[in-house]
Each structure stands twice: as C-alpha cells, then as structure tokens.
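Asks: Dropping the structure in here first, questions after.
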Amino acid sequence: METLKNKIVIITGGSGAIGKATAELFLAEGAKVMLVARKEGKLKSTIKELKTKNASYCVADVSKAEDTKKYTEATLAKFGHIDVFFNNAGIEGVVKPIKDYPETDFDKVIAVNIKGVWLGCKYVIPKMNDGGSVMITSSVAGLKGFSGLGAYVASKHAVVGIMKVAAIEFANRGIRVNTIHPGPVNNRMMRSIEESISPGHAKDVQKEFEADILFKRYAESEEIAQLALFLASDASNYITGAMHVIDGGMNVV
C-alpha cells in the first residue's frame, strides 16, 4: 500500500543517515522526494543509491534565507507542489562544558539547528498544500539535559517552541506540525559525540548510553523513518503540536 502516493516531500539533512533512510521509505510508499544538504557530493551519492527518477536534490545551507527560498522553489519547479516537509537538518557541535564551549561553535549549532528550522517554517510552509504535514527533528536532548552538549540541547529545546507556534499559526490551513525526539541513533552523529566525550574510548561511551535505555540499544535510522512516515501520512491527520519521543525508553530512566 502506497501511503504517500503522489505526495511531494522535502527532506533537509537529506544526505545524512536519518534523511536517507526516510527518503528510501517515503519513495517506497509512493512519494517524490527533494533532498537538501550542503555538500553536493554526498547528495549525488545518495541519489545514486536511491536508484529512482522520483528523487532529486538541491544544494543549500539551511541557515541562509536565500538558500531556503532556493530549495523551496526548486521543489516547486521540479514537482509542482509540496505536501510534506521533514525539517530535519541538524549538527551536534563539539562536546565541552559551558565554561569552555567555543562561541563560534555555539553560533554554528544555533544557526543550523534553530535558524535553519525557523527559516524552513517561514519559507516552506506557506508554499505547502493545505492539509500537509511538517515534521521537525528535535531529540531526547530537547526534553532533558546532557553535560557537554549545551548548544545542542538548547537548540533541540528551542525547536519545540517553533513547532508549537507553527502548529497554531498554520492550523487554519489544516497543516499539522510535530516534533520527533530520537534518543541515540546508530549513525555518524553518535559516533562523533561518543568520540568527543572520551577520545579513543567511544565504545565505552556507547555502552554507558545504552545502559540508560530500557531496550539497551541505539535506534536505527530506519526506525526513526517509520515514525516520520506515520506523521507524514493521513493516519496522523488529527495530530499536531505534539512531541513524539522515540528513544527506547531513555527518557523514562
């Protein structure tokens, strides 16, 4: 059953693990997908692996207004309309206590993770079809604190606020807006965080994280994609302004 048949989807962070897994699933469910990321080489590689004429890409920096307009208009030019927006792009930044955190790194995280999400909502949602769906990637770090991840935690809390405001402002058009809150995911970002926390001992850090998860393992990107599919589909047409946690029980512990 093609639950997204004829739906047009934008995925920012489209060449990352979650973005790619979501694209694969959405394409299998009948969608046409525009992938957005900063590096053309990674986007080309992702498109090649997807092996479909129903996926395209646009090189863009989500933290810049002109680039956000560019990927919005590129989607409309390629596919004609927009039904689903996975506002997913994000970076982790360095792992350092607040007193030692470099201001330049803080600014980069805030620019991508907050301003990028805000710009997406500002320029993409007004161009979407009525009754569409917007998913914003937050994190379990948008629900609780983690030592050394001050910028990332701040940014992932902030996008919840953006989501709630957007849900209110676009409700009159039937557009639903929700956040997705993954726990640790078995991908590049977590490898980077693990190594930054304890250089040379990333595996030990992973075991510590897993000990705090009820299911005792990280999520796979495909599992996050399944939640995104539910929120993108008509099965969630009465759900908006909500935080959807997918963390294996991490936030319970």
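Any read-out appearing in this document is the output of simple, stated calculations on the displayed coordinates, not a laboratory observation. Bear in mind the structure is a predicted one, so any value in this text is a computation, not a measurement. Note that we place each Cβ from the backbone using ideal geometry, even for glycine, and neighbour counts take in every protein chain shown.
Asks: What nm distance separates the two modelled labels at LYS69 and SER45, each placed 7 Å from Cα along Cα→Cβ?
Replies: 3.2
Asks: Modelling each spin label as a point 7 Å along the Cα-to-Cβ direction, I'd like the ALA171/ASN6 distance in nm, to one decimal.
Replies: If labels sit at ALA171 and ASN6, their model points lie 2.9 nm apart.
Asks: What ranking of ILE110, ILE239 emerges when the number of other C-beta atoms within 10 Å of each C-beta is taken as an exposure proxy, fewest first?
Replies: ILE239, ILE110
Asks: Okay, moving on. Where does the stretch 18-74 land on Rg(C-alpha)/(2.2 N^0.38 Å)?
Replies: Compactness ratio reported: 1.10.
Asks: Where the only charges are on Cβ atoms (+1 Lys, Arg; -1 Asp, Glu), what is the dipole of the chain about its Cα centre, to the nearest 20 debye? Mind dumping the intermediate values first?
Replies: Working: 32 positive and 28 negative charges, 123 e Å.
It works out to roughly 600 debye.
Asks: Let me ask another. Going by alpha carbons, how many degrees (0 to 90, nearest 10) lie between the helix axis of 221-232 and the longest principal axis of the chain?
Replies: For 221-232 against the chain, the angle is about 40 degrees.
Asks: Could I ask something else about it? What are the extents of the Cα atoms of the stretch 93-203 along their three principal axes, listed from largest to smallest and rounded to whole Å?
Replies: Computed over the Cα atoms, the extents are 51, 28, 21 Å.
Asks: What do you get for Rg/Rh of the stretch 165-225 when both radii come from the Cα atoms and Rh is the Kirkwood radius?
Replies: 1.20
Asks: To the nearest µm²/s, what D does Stokes-Einstein give for the chain at 4 °C and 1.567 mPa s, using the Kirkwood radius over alpha carbon pairs as Rh? Could the numbers behind the result be given before it?
Replies: Details: Rh = 18.2 Å.
The calculation lands on 71 µm²/s.
Asks: Now for a separate question. Provide VAL185, VAL160, VAL62 in ascending order of the number of other Cβ atoms located within 10 Å of each residue's Cβ, fewest first.
Replies: Listing VAL185, VAL160, VAL62 from fewest to most nearby Cβ atoms yields VAL160, VAL185, VAL62.
Asks: Return THR104, THR137, THR240 ranked ascending by Cβ neighbour count within 10 Å, so the fewest neighbours appear first. Intermediate results must be reported in sequence, preceding the final value.
Replies: Details: THR104 8, THR137 26, THR240 21.
Ascending Cβ contact count within 10 Å gives the list THR104, THR240, THR137.
Asks: Compute the label zone of THR104 within the stretch 168-202: residues whose backbone N is under 18 Å from the point 7 Å along Cα-to-Cβ.
Replies: none
Asks: Additional query: Give the angle, between 0 and 90 degrees and rounded to the nearest 10, that separates the Cα long axis of helix 17-28 from the longest principal axis of the Cα atoms of the chain.
Replies: Once rounded, one gets 30 degrees.
Asks: Could you name the lysines in cross-link range of LYS48, using Cα to Cα under 20 Å and dropping any fewer than eight places away on the same chain?
Replies: Filter leaves LYS20, LYS32, LYS39, LYS78.
Asks: Return one number: the angle in degrees, 0 to 90 and rounded to the nearest 10, between the long axis of the Cα atoms of helix 188-197 and the longest principal axis of the Cα atoms of the chain.
Replies: Long axis of 188-197 versus the principal axis of the chain: about 20 degrees.
Asks: Suppose R0 equals 41 Å. What FRET efficiency, 1/(1 + (r/R0)^6) with r the Cβ-Cβ distance, do LYS203 and LYS53 give to the nearest 0.05? Please report the intermediate quantities before stating the final value.
Replies: On the way: r = 41 Å, r/R0 = 1.00.
Efficiency computed from Cβ-Cβ geometry: 0.50.
Asks: Size of the stretch 1-133 along its principal axes in angstrom, Cα-based, largest extent first?
Replies: Between the extreme Cα coordinates on each principal axis of the stretch 1-133 lie 52, 31, 24 Å.
Asks: Express in nm, to one decimal, how much length is gained between ALA235 and LYS127 on full extension, taking 0.36 nm for each residue of separation and deducting their alpha carbon distance.
Replies: Between ALA235 and LYS127, full extension yields 36.6 nm more.
Asks: Say we join alpha carbon atoms closer than 10 Å with springs in a Gaussian network model of the chain; which of ALA171, ALA225, ALA17 then has the biggest fluctuation?
Replies: Judging by the Gaussian network model, the answer is ALA171.
Asks: Another question about this same structure. PRE reach from LEU76 (point 7 Å along Cα→Cβ): which of the stretch 93-136 fall under 20 Å by backbone N?
Replies: Only 117-135 fall inside the zone, counting backbone N under 20 Å.
Asks: Just to be sure I follow the definition: excluding the sites themselves, where is the longest run in the chain that has none of the chymotrypsin sites (Phe, Trp or Tyr not before Pro) in a DSSP loop with at most 12 other Cβ atoms within 10 Å? Could you put the intermediate results ahead of the total?
Replies: On the way: sites that count: PHE215, TYR238.
Answer - 1-214.
Asks: Then there is this: With the Cα gyration tensor of the stretch 79-119 in hand, convert its eigenvalues to equivalent ellipsoid semi-axes via √(5λ) and list them largest first in whole Å.
Replies: That gives 30, 9, 6 Å for the three semi-axes.
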